[in-house]
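A.B. asks: The structure's right below; bear with me while I get my questions together.
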Amino acid sequence: MERQIILAIILSAMATAVMRTLPILLLSRFSLPGPVQRWLSFIPSAIMAAIIASELLSKPSLTSTGLSLSLIAAFAAAVSGILTRSLFITVLTGMTVYSGLRYWYGMG
């Protein structure tokens, strides 16, 4: 039984490695047109926006008055990110605002 588990882990790791490296190896041999490269450059931002939107909508941290602390913290983080262009300051602002609001409203 233990041998089967180890074999399953090794095969899963190999399949994951092949699925992640094969597209990179194949696409590195081709020169993609400019519009395709520009379109692909938006994918990381779109994925991050989808993850954040999903978290804000699925698990809102609401006060008794219906105020969304997560949405306020996300807005503050977005504003600080636009102004500073610093990932560290953006994350720090979001965490500080969220923690401060939870403390202020007695939720944590």
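A.B. asks: Every residue in region 78-108 that is of a type in the set (Phe, Trp, Tyr) and touching a residue at least 12 places away in the same chain (Cβ under 8 Å), please.
C.D. replies: Answer for region 78-108, where residues must be of a type in the set (Phe, Trp, Tyr) and touching a residue at least 12 places away in the same chain (Cβ under 8 Å): TYR98, TYR105.
A.B. asks: Evaluate the following for PHE75: is it open to solvent by 70 Å² or more (accessible area, probe 1.4 Å), outside any helix (DSSP H, G or I), of a type in the set (A, V, I, L, M, F, W, C) and without any contact (Cβ under 8 Å) to a residue 12 or more places away in the chain?
C.D. replies: Spelling it out, it is not the case that PHE75 is open to solvent by 70 Å² or more (accessible area, probe 1.4 Å), outside any helix (DSSP H, G or I), of a type in the set (A, V, I, L, M, F, W, C) and without any contact (Cβ under 8 Å) to a residue 12 or more places away in the chain.
A.B. asks: Does ALA53 satisfy the criteria of being at pLDDT 90 or above, open to solvent by less than 90 Å² (accessible area, probe 1.4 Å) and assigned to a helix (DSSP H, G or I)?
C.D. replies: no
A.B. asks: Could you grab me the full set of residues in region 12-28 that are surrounded by 10 or more Cβ atoms within 10 Å (Cβ to Cβ), under 17 Å from LEU40 (Cβ atoms) and of a type in the set (S, T, N, Q)?
C.D. replies: Answer for region 12-28, where residues must be surrounded by 10 or more Cβ atoms within 10 Å (Cβ to Cβ), under 17 Å from LEU40 (Cβ atoms) and of a type in the set (S, T, N, Q): there is none.
A.B. asks: Now a separate question. Could you tell me whether ILE82 is in a helix (DSSP H, G or I), closer than 20 Å to ILE51 by Cα and open to solvent by less than 70 Å² (accessible area, probe 1.4 Å)?
C.D. replies: So ILE82 fails the test.
A.B. asks: Now a separate question. State which residue is nearest to the chain's Cα centre (by Cα) when the search covers only region 85-99 and only residues that are part of a helix (DSSP H, G or I) and among the hydroxyl-bearing types (Ser, Thr, Tyr).
C.D. replies: THR90
A.B. asks: I've got another one for you. Checking LYS59 against (1) under 30 Å from GLY94 (Cα atoms); (2) modelled with pLDDT of 90 or more; (3) open to solvent by 100 Å² or more (accessible area, probe 1.4 Å), which test does it fail?
C.D. replies: (2)
A.B. asks: With the checklist (1) closer than 18 Å to GLY100 by Cβ; (2) among the hydroxyl-bearing types (Ser, Thr, Tyr); (3) at pLDDT 85 or above in hand, flag the one item SER31 doesn't pass.
C.D. replies: (1)
The values are calculated or read from the model by the stated rules, or taken from the named source; none is laboratory data. Predicted model only: the values in this text are computed from it and were never measured. Neighbour counts run over all protein chains shown; Cβ positions are idealised from the backbone, glycine included. For accessibility, only protein heavy atoms count, side chains too; no ligands or nucleic acids. Shrake-Rupley method; radii C 1.70, N 1.55, O 1.52, S 1.80 Å.
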